[in-house]
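Structure, as structure tokens:
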Amino acid sequence: MARITAGVCTSHVPAIGAAIDLGRTAEPYWQPVFRGYEFSKQWIARNRPDVVFLVYNDHASAFSLEMIPTFAIGCAESFAPADEGWGPRPVPTVQGHPELAWHIAQSVILDEFDLTIINRMDVDHGLTVPLSLMFGQPAAWPCRVIPFAVNVVQYPPPTGHRCYQLGKAIRRAIESFDEDLNVQVWGTGGMSHQLQGPRAGLINQPFDRAFLDRMTSDPEGLAKIPHIEYVREAGSEGIELVMWLIMRGALDADAREVYRFYHVPASNTAVGHLILENVR
Ligand code: DHB
Ligand code: FE
């Protein structure tokens with residue numbers, strides 16, 4: 001049977017992708033950011049997943065205001081890097097896992113969570129920057145990836161509680177797939193940031209640090225934070241953090257924190273990163 005062994009959360013700042021692609025990771029501004037992922041690269045080399053179920057949000061690259069799925073699962077064979085205005089990032093094409101993705105779609109939809117099935121989609125920095133942070137710059141990504149896009153761009157996004165419950169349904173789906181696969185669930189985006197309006201540049205370190213703590217100590221309580229609190233405390237784009245709760249719901253209640261990194265700032269945001277392992 002497929003099993004979920006670990007979860008990873010990380011911010012997905014587009015400027016981090018540019019720093020990697022332009023060879024600037026050793027510059028004084030960026031060096032502390034990338035140093036924070038050294039442990040993670042070694043950890044994932046030792047804990048190589050067969051498949052990453054990668055929760056992220058599309059930033060008006062694949063979708064637009066014409067069509068806004070709340071939850072969209074990528075069922076295609078492959079997903080090309082999106083052109084976000086500067087040409088596609090020079091990173092490998094993502095290889096999907098259509099059999100597992102279709103199985104998850106069937107299981108989760110029959111478990112009463114509506115998903116949009118996507119058979120063609122380019123993937124933007126929300127998905128490719130976390131892959132670069134964890135795997136560096138390989139010629140091909142070392143595992144299959146199932147993209148799972150969540151609407152956090154156009155109001156109303158799903159609640160944290162719904163995301164947490166959805167994570168549990170995704171776990172039931174993965175664990176009922178009849179093939180021996182090591183699966184990791186990643187949640188991306190966050191932490192506190194606001195890219196627009198009078199509060200642009202907002203970063204709230206106490207909120208972020210408490211969020212990181214509660215990912216292991218109090219996920220049920222964390223899942224009850226309402227939208228208004230994300231916006232007030234973490235800024236308009238801080239709502240991306242609900243995606244971390246899909247990852248959290250998919251792991252054991254007593255999952256163990258094996259790594260944490262927090263750094264301010266990178267571009268306009270606080271960079272937060274956690275690795276959690278299922279104990280059993
Ligand atoms: C930034 C962060 C994001 O999560 C994003 O999607 C776009 C920009 C930033 O900090 O610049
Ligand atoms: Fe984002």
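The values are calculated or read from the model by the stated rules, or taken from the named source; none is laboratory data. Remember, predicted model here, so these are calculated numbers, not experimental data. Cβ: placed from backbone, ideal geometry, glycine included. Neighbour counts: every protein chain shown. Keep in mind that these areas ignore ligands, DNA and RNA; they rest on the heavy atoms of the full protein, side chains included. Shrake-Rupley method; radii C 1.70, N 1.55, O 1.52, S 1.80 Å.
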> Which whole-Hz couplings ³J(HN,Hα) result when phi for each residue of the range 92-102 is put into the Karplus expression 6.51 cos²θ - 1.76 cosθ + 1.60, θ = phi - 60°, listed in order with x for Gly and Pro?
Replying inline: x, 5, 7, 8, x, 9, x, 5, 5, 4, 5
> the range 99-248: Rg/Rh from Cα coordinates, Kirkwood Rh?
Replying inline: 0.97
> Measuring from label point to label point, each 7 Å out along Cα→Cβ, what is the Glu257 to Ser217 span in nm?
Replying inline: 0.8 nm
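Per Stokes-Einstein, at 4 °C and 1.567 mPa s, what whole-number D in µm² s⁻¹ belongs to the range 180-280, with the Kirkwood radius over Cα pairs as the hydrodynamic radius?
On the way: Rh = 14.0 Å.
D = 93 µm²/s.
Counting only protein heavy atoms, what percent of the accessible surface of the chain is carbon or sulfur at a 1.4 Å probe?
Working: 6010 of 11740 Å².
For the chain, the apolar C and S fraction of the accessible surface comes to 51 percent.
How much length, in nm to one decimal, is gained on full extension between Arg209 and Arg172, taken as 0.36 nm per residue of separation minus their Cα-Cα distance? Provide the component values of the computation, followed by the final result.
Numbers: separation 37, 0.36 × 37 = 13.32 nm, distance 2.98 nm.
Extra length from Arg209 to Arg172 when fully extended: 10.3 nm.
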> Any idea which of Ala19, Gln154, Asn119 is furthest toward the positive side of the dipole for the chain, if Lys and Arg beta-carbons carry +1 and Asp and Glu beta-carbons -1?
Replying inline: Ala19
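Tell me, in nm to one decimal, what length is gained between Asp180 and Glu38 on full extension, where the rule is 0.36 nm per residue of separation less the Cα-Cα distance?
Values: separation 142, 0.36 × 142 = 51.12 nm, distance 2.87 nm.
Between Asp180 and Glu38, full extension yields an extra 48.2 nm.
Using only the alpha carbons of the range 90-140, what is the convex hull's orientation-averaged projected area in square nanometres? Don't jump to the answer; show the numbers that get you there.
Details: hull surface 17.7 nm².
For the range 90-140, averaging the hull's shadow over all directions gives 4.4 nm².
Just to confirm, what accessible area per residue do you get for the chain at 1.4 Å probe, in whole Å²?
On the way: 11740 Å² over 280 residues.
I get 42 Å² per residue for this part.
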>> Compute, for the chain, the length of the dipole vector about the Cα centre, with Cβ point charges of +1 (Lys, Arg) and -1 (Asp, Glu) only. Units Debye, rounded to 20.
In response: 600 debye
> Taking a point 7 angstrom from the Cα of Gln106 along the C-beta vector, which residues in the range 157-193 have backbone N less than 15 Å away?
Replying inline: 173-179
> Per Stokes-Einstein, at 10 °C and 1.306 mPa s, what whole-number D in µm² s⁻¹ belongs to the chain, with the Kirkwood radius over Cα pairs as the hydrodynamic radius?
Replying inline: 86 µm²/s
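Stick to the Cα atoms of the range 19-151, pair each with every other, and give me the Kirkwood hydrodynamic radius in Å at one decimal.
Working: mean 1/r = 0.0633 Å⁻¹.
The Cα-based Kirkwood calculation yields 15.8 Å.
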> Relative contact order for the chain using alpha-carbon pairs under 8 Å, separation at least 6, rounded to a whole percent?
Replying inline: 31 percent
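Pairs of alpha-carbon atoms within less than 8 angstrom and 6+ residues apart define the contacts here; what relative contact order does the range 27-104 have, in percent? Don't skip to the answer; put the middle values down first.
Values: 42 pairs, mean separation 18.2, N = 78.
Worked out over the range 27-104, it gives 23 percent.
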